DNA sequence: TGAGCGTCAATTAGC
DNA sequence: TTGACGCTCA
């Protein structure tokens, strides 16, 4: 055994040690960024097993992502060996799926249920709306789903929603749509992601013996990223952990960035009140970043009104100053970032240790272009890409049908893939018949002779689709994922269709399908059924069933990235990661913080969440942090001049390595200059284009309800922008190379209307104008 | 059935 | 500006 509890004091700092060894009551670990949280959790589990004799299968650890769960498992295995596998370490959703497969029958969920993903949900909702005669143009099916998801997150049934009637179409129709949607999921033997949690609560409520079984079993429950839990998740934890005696939650309120998808930091903030006698441990020592980076992060996050008091520190003092890049426009910004990345790689920095962050995915395009042009190896980090491909989903649908022929979303997805002459009209009639008879789509196809309106040819085609599914079910009966996938690829006709098409794209898609078949075969070889000492006789899932569950619940965890690459990702995606050098781009108002957080729908809490996102971004950097902004940017096809992000102004100037007013430097190109008299930072370009470019970050304060501390409303870059235009105002003189000096009469995007004496009004691109 | 075209909207995203 | 989507026409 690699783990020796007596060594713990030498492996952990005092707070970590306390968190890892505390027992006998609820525990809240406030784990700052980079404070060794995963380390604490794994040592805690190992300590429970070795020092306290807790059997691993009595331990439940839940995370939000597969990646986090995987890391935890891996580390625990190193400490405990193979017995580590007996502990339940998985995501909330995988935990839900696992329990529902075993015990969901008590509330009518078949053990072979399929899990509908977002696109399945959308397709199902559209069908429900169609059958109810609801116009998808009047009521957006996505919004309905969002309402339903929200309801599930809050544990509300259709009846609950109906009790609070709304005024608009959406609100009035949602309860009934919700009810019918659940009905069709049930008919299809399907659950959606939300159900994996909300129906688990339902199960525990309706079948107390089942709840009791799991309560007895799990003596210890650990929760990672607790600040991200929503209402249902919290409810589940309460149910499972009872008074919280064996409950340990780990989180950081400063990294709560998922409020918009239902997460409720209150779960964390009120933990000490909710669980009497809770112990609170703060982990504030950081093992990742330089003090400079931590100071910058703290300076920003400290502007949030309500947060738990804590501050990261490191033994490693100092560190390189932050750098600021002020670019002309978004392309220049991308270029400058690319230049700096290239320089870093030349200096021997590993590409895998460099990351570029942005607020929205749309920003990646320009950066990718610059990187491609500059031949910098990069990879855009996204959740799933392989499994979200249409062709991969098609093949998966055949597999799911083989296991569960009731699944309507799957049947309708592939009934005409490849094209086999079952058109919309035919499908519509089959659907109607299936609904009327109360059977699945595949069953209806089998009985196609009875379907009104179908001619002999359509009947035959429908029948052979049903036969195809039957054949696949037979192939799948022995539970081999590889055999089933291979059969599906061939028997469905997908392979032949792609071969016949022969285009580059078809070849590409076929390659993907073969890769999926390969993955299924490999799965058969490597997968081992879960060990469960609690229920030794229980019939475990087949490899195929387990494979399908992975497909639904797992991302592209082991996506192979050939060679070291610079990672491009959104700030949200950066959470939990770390890099030597981090570039945080788009540090502009309306980009970051995003306009949605600033507009009518936004408010103090929205801006606070953006600020936490900034904090997350900063704290990913180990040694170097580069912030960049563009003075102008094309957004939705319009040229915009954004103000510098308020977050920039919140970083003390010293952290940029600037003392007092600095001389512009040709070397770095950019300097932050401070006006000591006003104590306000200015940004000065070191370029030599003959324009004065002192950019002042200006503060003004909110006039609305007196804030407890002045809220910084705007950080304005007041500046002439030399190349792409200037903040021309109506009534201002401007010089044009051919028309001379005139008076500005109007501004429209990057076009400025100027009246030139003797020439008249000309609409000219601002780039060609000079302020006079 | 599928390509082509007009319309509309426009964070973030995990399972 | 891009993209997703639905509708139309060949």
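Bear in mind these aren't lab numbers, they're just calculated from the coordinates by the rules spelled out. Given the structure is predicted, the values throughout are model-derived calculations rather than measurements. Cβ coordinates were reconstructed from backbone atoms using ideal geometry, including for glycine residues, and neighbour counts include every protein chain displayed.
D for region A:117-187, whole µm²/s, Stokes-Einstein with Kirkwood Rh over alpha-carbon pairs at 10 °C and 1.306 mPa s: what number?
133 µm²/s
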From the C-alpha gyration tensor of region A:57-150, square roots of 5λ in Å: 38, 16, 9
Computed label-point distance, nm, for sites residue A:284 and residue A:111 using a 7 Å Cα→Cβ extension: 5.2 nm
Residue A:206 versus residue A:164: modelled label distance in nm, points set 7 Å from Cα along the beta carbon direction: 2.4 nm
Whole-Å semi-axes of region A:573-616's equivalent ellipsoid (Cα gyration tensor): 23, 12, 7
Sorted peptide list for A:38-46, A:111-119, criterion being average Cβ within 10 angstrom, highest first: A:38-46, A:111-119
Additional length obtainable on full extension of the chain from residue A:343 to residue A:604, 0.36 nm per residue less Cα span: 90.0 nm
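For region A:233-366, would you read off the P(r) tail past 19 Å as a percentage of all alpha carbon pairs?
Percent of Cα pairs beyond 19 Å in region A:233-366: 68.
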Estimated distance in nm for a label pair at residue A:497 and residue A:362, the labels positioned 7 Å out from Cα along Cα-to-Cβ: 3.4 nm
Distance from region A:1-55 to region A:387-422 (C-alpha centre basis), Å: 46 Å
Ellipticity estimate at 222 nm from DSSP helix runs (n ≥ 4, -39,500 (n - 2.57)) divided over chain A, nearest 500: -13000 deg cm²/dmol
Neighbour-count order for A:88, A:260, fewest beta carbons within 10 angstrom listed first: A:260, A:88
Average projection area in nm² (convex hull over Cα atoms of chain A, one quarter of hull surface): 39.2 nm²
Chain lengthening between residue A:743 and residue A:538 when straightened (0.36 nm per residue, less Cα-Cα): 65.4 nm
Two-site FRET efficiency, residue A:172 against residue A:78, from Cβ-Cβ distance with R₀ of 45 Å, rounded to 0.05: 0.20
In degrees, nearest ten, helix A:169-187 long axis to first principal axis of chain A (Cα): 40 degrees
Overall form of region A:353-484 per C-alpha gyration tensor (a/c, 1.5; a/b vs b/c): prolate
Cβ-derived FRET efficiency at R0 45 Å, residue A:457 paired with residue A:320, nearest 0.05: 0.05
Cα pair distances in region A:157-304, grouped into 10 Å bins until the bin that holds the longest one, percent each: 9, 27, 30, 21, 11, 2
Inter-centroid distance (Cα atoms) of region A:64-94 relative to region A:458-496, Å: 35 Å
Kirkwood-based shape ratio for region A:390-553, expressed as Rg/Rh from alpha carbons: 1.02
R0 of 35 Å, Cβ-Cβ distance residue A:146-residue A:213: FRET efficiency to nearest 0.05: 0.55
Extension reserve of the residue A:473-residue A:154 stretch, reckoned as 0.36 nm per residue once the Cα distance is removed: 111.1 nm
Convex hull volume per residue in cubic angstrom - Cα atoms of region A:18-87: 96 Å³
